[in-house]
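Accompanying notes for the structure given below.
The values are calculated or read from the model by the stated rules, or taken from the named source; none is laboratory data. Quick caveat: nothing in here was measured; it's all calculated off a predicted structure. So basically every Cβ, Gly included, is an ideal-geometry build from the backbone, and we count neighbours across all protein chains shown. Please note that ligands, DNA and RNA were not included when accessible areas were found on the heavy atoms of the full protein model with its side chains. Shrake-Rupley method; radii C 1.70, N 1.55, O 1.52, S 1.80 Å.
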Amino acid sequence: MKNQKILGIISMALVALFWGLSFYSIQEIGTTIGPFTLATARFGIATLAFIVILFASKQDKKIAKEDRKKVFINALIGIAIYYPLSMYAINLIPASAGSVLSAIQPIIIIILEAVVIKVAITKKNAIAVILSVVGALLTVGVIDGQGGSFVGYILMFISTCMWCGYTVLQQPLNEKYSPITLNVYQFAIGTLVMSPSFFLENNNWSAMTGVQWFNLVYLALVCSGLCFVLYNFALPRIGATTSSLFLNAGPIITAVLGVVLYGTYPTLTNGIGILLTVVGVTLATVDFKKKS
């Protein structure tokens, strides 16, 4: 059991790293193709990869009849709605600001868990969430103002709520099916729902550069493919609230990239934010009980 929790923690740490990098990849491609088309393309590529993996690994490919509606709803919430909205929003606001709004996920999830699946809110988790959220906000310097479109912030908040709903509703499914099986069905459904965007948005595929194609493949195979497997693997092992706390490391990664790409060095406030985020995640994941 302890080893499973450690694997879950490692999985979420990797997800936080890869998704933290994704904000800049999305902005890089967003200048050439529309957000719905980008979401469709990345999940279409990921779907094909997962189909190959599913058949090659000979895993169970069936979803029970009573769970098909749940799988379909989660595909809509977590893919067809969340990703186009978040990608569109990221093109309207700074990448660091997008990380900030994503950082409130633990608050929403801890409430949803208590209401939907009756998970008790412990004092330890509540403190961890507060520290992590405050830390994420300070890390990207939200108190200094980030600029961007008001509509972008609203859409990013809505998409964040969608992801929280997906996370909570996905937990029971993860206990019954492998991440590969779930991802094949949900990715395929999400891709089909979003596919009209290829004809509705003003896309300029011929202008795609080599760097943009690389970022698209990265978003598809790593951020959509590998990260969904790791995320769904971690959920039943460390829980939705703890998993969401790890995503608050995203602003730390965004801040580091700001130094590397733009020479923007963190302030004392940012440093305090990083420390609080790390403390919050540690508090949620480490068992401080003394051994007898």
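What to note about this one:
- Of the residues making up the range 33-51, those that are modelled with pLDDT of 90 or more and either assigned to a loop (DSSP other than H, G, I, E, B) or open to solvent by 60 Å² or more (accessible area, probe 1.4 Å) (or both) are ILE45, LEU48, ILE51.
- Lone qualifier among SER22, SER11 - being in contact with a Cys (Cβ under 6 Å, 6 or more places away or on another chain) and buried (at least 21 other Cβ atoms within 10 Å of the Cβ): SER22
- All conditions but one from (1) over 13 Å from the mean Cα position of the chain (by Cα); (2) at pLDDT 75 or above apply to VAL229; the one that does not is (1).
- Only residues that are open to solvent by 80 Å² or more (accessible area, probe 1.4 Å) and assigned to a helix (DSSP H, G or I) were counted in the range 57-85, giving 6.
- Residues that are open to solvent by 20 Å² or more (accessible area, probe 1.4 Å), among the aromatic types (Phe, Trp, Tyr) and over 16 Å from SER244 (Cα atoms), drawn from the range 156-205: TYR177, TYR185, PHE198, PHE199, TRP205
- Qualifying residue in the range 1-21 (condition: farther than 13 Å from VAL222 by Cα and not in a helix (DSSP H, G or I)): yes
- Residue in the range 206-217 that is open to solvent by 60 Å² or more (accessible area, probe 1.4 Å), part of a loop (DSSP other than H, G, I, E, B), more than 25 Å from ILE6 (Cα to Cα) and modelled with pLDDT of 70 or more present: yes
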